[in-house]
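The values are calculated or read from the model by the stated rules, or taken from the named source; none is laboratory data. If you're wondering where the values come from, they're calculated on a predicted model, not measured in any experiment. Cβ atoms come from the backbone with ideal geometry, glycine included; neighbour counts cover every protein chain shown. The accessibility values were calculated without ligands, DNA or RNA, using every heavy atom of the protein model including side chains. Shrake-Rupley method; radii C 1.70, N 1.55, O 1.52, S 1.80 Å.
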Amino acid sequence: EEQLGFYVECRAAFSNLDSILSYLVQCVCSLAVDTLNIVKGNHNKKTSSFVRGCIAYCYITVPSIRCTFTRLDMYLLTGQVALLNTSLVQCDSLYMESLTLLGEVPGLLTGTDGRQYSTERRLVSWVSRYVSSLLYLPDNPAQQPLHIFRELFKATEEYKHWSNSGHLRVRCILLSYLLAVGQPAFNFSIQNVESNDRLYGQNKKYLGQLDELLETLIEKIVANIDAIANLAQESVNEAELKRLGSVIMEGLDITQNRPYKTTSQSSYSL
């Protein structure tokens, strides 16, 4: 608690320095994880309250950071720490808040050498890290199933700076998430967190909504399938092309062959 108090004083003293603020957020996240390790993953009332205070500190601090990418990274980091500490309401809020920033990400940034560089690969990487942890966050019972994913899907579709190949990469990442979240049981779990595989089981209504999202995403991928040819002409390694093709084919197979499918069957050709 004294250490957290020190970080509060530091924030007040260096409120206009992005590098200091992001470092403070990382320090406070480390403090929360250290607390989790001390209690061996099982919080008592006092440590749970302290960790929520740490996460609240980060939630308040991140908006003061001017760099959009740094804010995205710090929101994601804090959300992951909240998830580890089973502070699911805070995690939900942090993940949703980060999505409001996607539209602010510029297509180009000026480097220290004065040249402009595309931000696309960095944003694609962020989306990949985002869904990797989103997989284990259970749905809020007050919202429709996969409500955060729906907002992510909407935000990535509305983003204006994608190239065709970059948009394809992001859509395949989202497709991978949908294929993973529909599994009867996840390969990994977070202590004391009941993820969607346990929350829903193989509930047919839930899987039906999942199918609808899968079909919508597959339609968008197939409609812009020329992007695959563009990727082949770029300096993209063969392993990535095979991985993207495998994900797309698996999505096509599932959307057309699930026995409980509630949406109309579609016929695609590649």
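Only protein heavy atoms count here; under a 1.4 Å probe, Phe186 has an accessible surface of about 20 Å². Based on protein heavy atoms only, region 18-99 ends up with 42 Å² per residue of surface accessible to a 1.4 Å probe. With θ taken as phi - 60° and the Karplus curve 6.51 cos²θ - 1.76 cosθ + 1.60 applied, the whole-hertz 3J(HN,Hα) list for region 154-166 is 4, 5, 6, 5, 7, 5, 9, 10, 5, 7, 4, 5, x Hz, x standing for glycine and proline. Accessible surface for Ile173 stands near 30 Å², nearest 10, in the context of the full protein assembly shown (1.4 Å probe). Atom-type composition of the exposed protein surface of region 90-235 places 47 percent of the accessible area on carbon and sulfur (1.4 angstrom probe). Once each part is reduced to its C-alpha centroid, what is the distance from region 101-121 to region 133-153 in angstrom? First find each Cα centre; the distance between them is then 29 Å. When the scattering of region 1-113 is computed by the Debye formula from its Cα atoms alone, each counted once and equally, what is log10 I(q)/I(0) at q = 0.10, 0.11, 0.15, 0.18 Å⁻¹? The computed values of log10 I(q)/I(0) come out as -0.30, -0.36, -0.64, -0.87. Here the 3J(HN,Hα) profile of region 121-138, calculated from phi with Karplus coefficients 6.51, -1.76 and 1.60 at θ = phi - 60°, is 4, 5, 6, 4, 4, 5, 4, 4, 5, 4, 5, 4, 8, 4, 3, 9, 7, x Hz, Gly and Pro shown as x. Looking at region 114-221, the accessible area is 47 square angstrom per residue; that uses a 1.4 Å probe and ignores ligands, DNA and RNA. Ordered by 1.4 Å accessible area with all protein chains kept, Thr156, Thr86 run largest first as Thr86, Thr156. At 10 °C and 1.306 mPa s, grab the translational diffusion coefficient of region 43-83 from Stokes-Einstein with a Kirkwood Rh over Cα pairs, rounded to a whole number in µm² per second. Answer, rounded: 148 µm²/s. Normalising by residue count, region 88-228 has a Cα convex hull of 130 Å³ per residue.
Which order do Trp126, Trp162 take by accessible area at a 1.4 Å probe, largest first?
Numbers: Trp126 0, Trp162 35 Å².
Result, largest first: Trp162, Trp126.
Karplus-derived 3J(HN,Hα) values for region 181-192, using 6.51 cos²θ - 1.76 cosθ + 1.60 with θ = phi - 60°, are 6, x, 5, x, 8, 6, 5, 10, 8, 10, 3, 6 Hz; glycine and proline are entered as x. Accessible area per residue (1.4 Å probe, heavy atoms of protein chains only) ranks Thr110, Thr70, Thr78 as Thr110, Thr70, Thr78, with the largest value leading. Spin-label model, Arg122 to Ser49: label points 7 Å out along the Cα-to-beta-carbon direction sit 4.1 nm apart.
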